[in-house]
Amino acid sequence: MNNNSNRTKITVIENGPLIVEGYFNIKGVNGELLSEVDKTFLCRCGKSSKKPYCDGSHSK
């Protein structure tokens, strides 16, 4: 049951965001659906004003 087309891939960018690829839902802290996407960039530095998404603040 190893279907690679349905797998989610997470790539760590040095001094940058997490790139998440695959088909998935992103939910907020209250369980509300934020988005249904197949690729996104998630903040891991904590400086983004658009959390959980990266806005490039890590490079400033």
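The values are calculated or read from the model by the stated rules, or taken from the named source; none is laboratory data. Everything numeric in this text was worked out from a predicted model, so none of it was measured. Keep in mind that these areas ignore ligands, DNA and RNA; they rest on the heavy atoms of the full protein, side chains included. Shrake-Rupley method; radii C 1.70, N 1.55, O 1.52, S 1.80 Å.
Here are the numbers:
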| item | result |
| --- | --- |
| Output for region 31-60, where each listed residue is of a type in the set (D, E, K, R) and either open to solvent by less than 60 Å² (accessible area, probe 1.4 Å) or assigned to a helix (DSSP H, G or I) (or both) | Asp55 |
| Looking only at region 1-30, and only at residues there that are of a type outside the set (Ser, Thr, Tyr) and at pLDDT below 90, the one that is least open to solvent (accessible area, probe 1.4 Å) | Asn3 |
